[in-house]
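To keep things clear, I will list the structure first and then write my remarks on it.
The values are calculated or read from the model by the stated rules, or taken from the named source; none is laboratory data. Only a predicted model underlies this, so the values are computations on that prediction, with no experimental measurement involved. Reconstructed Cβ throughout: ideal geometry from the backbone, glycine too, with neighbour counts over all protein chains shown. For accessibility, only protein heavy atoms count, side chains too; no ligands or nucleic acids. Shrake-Rupley method; radii C 1.70, N 1.55, O 1.52, S 1.80 Å.
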Amino acid sequence: MKFASPPIFAFVVSALTASSLHADWPQWRGPTGNGVVPDSQPLLRHWQGGDWKQLWDSEEIPSNDEGGLSSVVVAGGRAYVSVVWTRELPSETRQIHELILRQLGHQNTGQLGPELVKKIEETRLGLSPTLRGKKLEDFTQEWIAAHLDKKQQQLYSGFISGRFKKGALAMPLDVLEKLDAHKQHVFANEAEMRAWLDEQGFSPEVKQQIIEAVPPTRRVAEDTVVCLDLATGKTLWKTVAPGEPTGRGSSSTPCVADGRIFALGSVSAYALDAETGKLLWSAPLPQKGPGSSPVAVAGAIVINAKYLYALEAATGKVLWKLDKCGGGNSSPVAWRSGDRTLVVCNGRASLDAVEATTGQPAWSVPAGGDSTPAIDGDLLAVQTRKPEAGLIAYRIKVNGAERLWLAPYDALRTQSSPIVAKGYVFLADNDVQLCFDATNGSQRWNATVPGSISSPLLADGKLFVMINNGNNVQVLRADGTERAEIGKANVKAAWVPSPTIAEGKLLLRLKDRIRCFSLTD
């Protein structure tokens, strides 16, 4: 099927009028790719109490290990979400896959080091059976504070607490490592799995614990795009294609451009007709279950999955690829200056800008991590995985980028993306909220708040931030003068997807559905 290639357009969406551009949220991080609703309509005048009017709930749409963690996009009065829809089917086969390993208590301990791991295990095995409840919690917190640095505490507090709570019943770490090394293997039946467990020399108690954890099922998945009516939440269509279980790591958000939906599933990229859901083309992904979201620009779909590359929007044909750019979970963003359109992507160790149509490199500067860069005019801000760099601001041109300032920050994860707007840079990441002057980097305010790795958005002069692992949406005044909470609502959302605002409505991905609230009077 042939389609005419759309003309080059600033920031992503080529077929939207100015009015619909402002009303829609057609891609990850919104119409301009920086988490901002431009020219937002007035929202609620009163936010306190958290009793926002709920408009609808969608049908059941799984998330996390059963569906991935895509955010919602909105275009033309419809909402879209990408799901790696995973189910358990009865089966003779057995597999000790990633989800079972987590249930058994596995976590990579590489950043603890062998001596500290040994000390954790010695302490666990030496705990008195009478040490329970609050006494055990207090002991655990004191032990963690005394033996782990700040970074280790961020990564491993839950892991150590879980092992201390289980005491002698916790699965030995060497057993978990053996299971992890064998997680891709599919046993023909339970007898074959039992025979393998016998060969490993595991104790009878450990073998029984593993056998009980492995269900008589196999995990299967379908790459799925769901289209909902924005007014009612009713499912208008649902398109499925063969996929593979990729768990919660699949968090790619689709984009809408030129009457089509472009989505990254578990094993393939897809183009669908936005009206009917008809599959127009699919193309294999170089990486299973990417967390990065595609951007549509200049007749191309630019993707960061293992490396940075572009597909022709009309056919899915590879236009260009750059093996040394991209990587990780950062999403590419489009930026136009004059008659040139660049795609900017935060990769493994650098921030790279390339020509959208050819992939020709334009410039590269230090950065690296999972944060998606935010651009406002010629100001760019991006969080990095390097604590000594933290948040970096650049002034960008088509032929280079000048570093303006950096704010060192050691993040637990580098997946939260900043906002650049009205001369300020806002960052809400895990347990901290920060505001900086965009031109000189002076800090305007900061706060310690139990957060999420969801990225914030800005609409009608207000910041919307997911806190408490997605349980709450917090509304902050976004004028940069001082931090002021003006509202908060209990929403019990999934902890990774970012909020979406379109047509005065707030859409959130919950654990088992999408929920829509009215934000207008």
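Charge dipole (Cα centre; +1 on Lys/Arg Cβ, -1 on Asp/Glu Cβ; no other charges) of region 255-375 amounts to roughly 260 debye.
Taking 0.36 nm per residue of sequence separation and subtracting the Cα-Cα distance, how much length would be gained by fully extending the chain between Thr276 and Leu131, in nm to one decimal? So the chain would gain 46.2 nm between Thr276 and Leu131. Between region 242-265 and region 317-384, the C-alpha centres lie 20 angstrom from each other. A Förster distance of 22 Å, applied to the separation of the beta-carbon atoms of Glu402 and Ala349, puts the FRET efficiency at 0.70. Spacing of the modelled spin labels on Glu59 and Asp410, each 7 Å from Cα toward Cβ, amounts to 4.8 nm. In this simple spin-label model, placing a label point 7 Å from the Cα along the Cα-to-Cβ direction at both Ser157 and His46 gives a separation of 3.7 nm. Positive-end ranking of Leu148, Asn430, Leu404 along the dipole of the chain, with charges on Cβ about the Cα centre, is headed by Leu404. Projecting the Cα atoms of Ala421, Leu228, Leu507 onto the charge dipole of the chain (Cβ charges, centred on the Cα centre) puts Ala421 farthest toward the positive pole.
Using Cβ point charges alone (K and R +1, D and E -1), the dipole size of region 367-492 about the Cα centre works out to roughly 140 debye. Once the Cα-Cα distance is subtracted from the 0.36 nm per residue extended length, the Asp198 to Thr217 segment shows a gain of 4.7 nm.
Remind me, relative contact order of region 205-279 in percent, using alpha carbon pairs under 8 angstrom and six or more residues apart? Walk me through the numbers on the way to the answer.
Details: 101 pairs, mean separation 16.6, N = 75.
For region 205-279, the relative contact order is 22 percent.
Distance from the Cα centroid of region 92-122 to that of region 392-420 is 34 Å (rounded to whole angstrom).
Each of His147 and Glu190 was given a label point 7 Å from its Cα along the Cα-to-Cβ line. The distance between the two points is 3.7 nm. Estimated purely from DSSP H runs of n ≥ 4, each contributing -39500 (n - 2.57), the mean residue ellipticity at 222 nm for the chain is -5000 deg cm²/dmol once divided by its residues.
Determine the share of the chain's accessible area contributed by carbon and sulfur atoms, expressed in whole percent, with a 1.4 angstrom probe. Here carbon and sulfur together make up 50 percent of the probe-accessible area. Whole number in Å², please: accessible area per residue of the chain, 1.4 Å probe, ligands, DNA and RNA not counted. About 42 Å² of surface per residue is accessible. Rounded to the nearest 20, the Cβ-based charge dipole of region 46-145 about its Cα centre (Lys and Arg +1, Asp and Glu -1) stands at 220 debye. Mind running the shape call on region 64-158? Use the C-alpha gyration tensor, a ≥ b ≥ c as the square roots of the eigenvalues: rounded below 1.5 for a/c, prolate if a/b tops b/c, oblate otherwise. The shape class here is prolate.
Set against the labelled values [x] 19; [y] 60; [z] 38, percent of Cα pairs over 43 Å apart computed from this structure falls on [x]. The region of the chain that goes longest without hitting one of the GluC sites (Glu not before Pro) in a DSSP loop, each with at most 15 other Cβ atoms within 10 Å, is 93-274. Normalising the average separation of contacting C-alpha pairs (under 8 angstrom, six or more residues apart) by the number of residues puts the relative contact order of the chain at 17 percent.
For Glu60, neighbours were defined as the other residues whose beta-carbon sits under 14 Å from its Cβ, and their charges (Lys and Arg +1, Asp and Glu -1) total +3.
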